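Asks: Before I ask anything, let me first share the structure, which is written out below as structure tokens.
The values are calculated or read from the model by the stated rules, or taken from the named source; none is laboratory data. Just so it is clear, the structure is predicted and the values come from calculations on it, not from any experiment. A quick note on method: Cβ atoms are made from the backbone with ideal geometry, for glycine too, and the neighbour counts reach across all protein chains shown.
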Amino acid sequence: MDYSNPLFRYPRYLARRSGLLRVLEKVSNRPSLGGGEERFSKAIFEQISAGDVVWDVGANLGYYTTRFADAVGSAGTVVAFEPYEPIFLLLTNAVGGRKNVELVHCALGDADGHAPFYSSPASGQNYNIFYLGAPKTESRLPVSQVSVMKGDTFRLAHTGLSPTCVKIDVEGFEYEVLLGMTESLKSSQLRSLFIEVHFTLLKERGVPDAPRKIVALLRANGFRTRWTGPCHLVASR
């Protein structure tokens, strides 16, 4: 099936822009899973084992964070990255003091520093981080500054938290996250990545070729890649 066809992505795009998906997530503390996301979720948990170190990049309200914590058990660790303060507080409450979860109040990107966080007034939900410069459209308004760190920087500072698996859902900045993990991608300890690729948001940002670059970067580092749905990429080795 050709998941690159925009027809597969358009309904999800409408739901996201209308705020429906985020409303569902806030009410239920879990993403609204369609067929593609169900396959994506299944692929994730097929590859996570007890004792793993899992990075949840763009942890949001913690649906995956808490499930990862259950999967890795007391011998493993989940590192949950969430930059936006109100969501980070909700994430903290959702985690409920689990000892095998490390909460990190920052975004991952391709540079260390700070960046404006933008809100979409169409949904009232804050979900886009623009690491460099002004937003590409006037429909998004800056609401705060957030901390940004390269994954490699975090890994060097926390050698015991080098990831075995990484889940990335960062609303159109997937490639920047990976560029900030160039050394981590070379590590033999890292065996799997699970990435939600936001084709429409990447196109809006003026980087429609980012999905191709993501796949090329992963393959160059020895990962096999496969699409489990219209916007869900699994890389493993």
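Asks: Working only within segment 168-209, note down all residues that are buried (at least 21 other Cβ atoms within 10 Å of the Cβ), polar (S, T, N, Q) and in a helix (DSSP H, G or I).
Replies: Selection gives Ser184 alone.
Asks: Within segment 212-226, can you find the residues that are under 14 Å from Glu176 (Cα atoms) and in contact with a strand residue (DSSP E or B) (Cβ under 8 Å, 6 or more places away or on another chain)?
Replies: Within segment 212-226, Ile214, Val215, Leu218 meet the criteria.
Asks: Against the definition (over 25 Å from Met149 (Cβ atoms) and modelled with pLDDT of 95 or more), how does Gly62 come out, yes or no?
Replies: no
Asks: Determine, yes or no, whether Ala43 is at pLDDT 95 or above, in contact with a Ser or Thr (Cβ under 6 Å, 6 or more places away or on another chain) and within 21 Å of Ser184 (Cα to Cα).
Replies: Criteria not met by Ala43.
Conditions tested, residue by residue: (1) within 14 Å of Ala115 (Cβ to Cβ); (2) modelled with pLDDT of 95 or more.
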residue: Gln145; (1), (2): yes, no
residue: Met149; (1), (2): yes, yes
residue: Ala157; (1), (2): no, yes
residue: Cys165; (1), (2): no, yes
residue: Glu171; (1), (2): yes, no
residue: Val177; (1), (2): yes, yes
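Asks: Which of the residues that make up segment 64-114 are closer than 22 Å to Gly160 by Cβ and assigned to a loop (DSSP other than H, G, I, E, B)?
Replies: Gly73, Ser74, Ala75, Gly76, Glu82, Gly97, Arg98, Lys99, Asn100, His105, Cys106, Asp112
Asks: Would you confirm whether or not segment 162-170 contains a residue that is touching a residue at least 40 places away in the same chain (Cβ under 8 Å) and over 16 Å from the mean Cα position of the chain (by Cα)?
Replies: Taking every residue of segment 162-170 in turn, at least one turns out to be touching a residue at least 40 places away in the same chain (Cβ under 8 Å) and over 16 Å from the mean Cα position of the chain (by Cα).
Asks: If you take the residues of segment 83-99 that are under 20 Å from the mean Cα position of the chain (by Cα), modelled with pLDDT of 95 or more and not hydrophobic (A, V, I, L, M, F, W, C), which of them is surrounded by the fewest Cβ atoms within 10 Å (Cβ to Cβ)?
Replies: My answer is Asn93.
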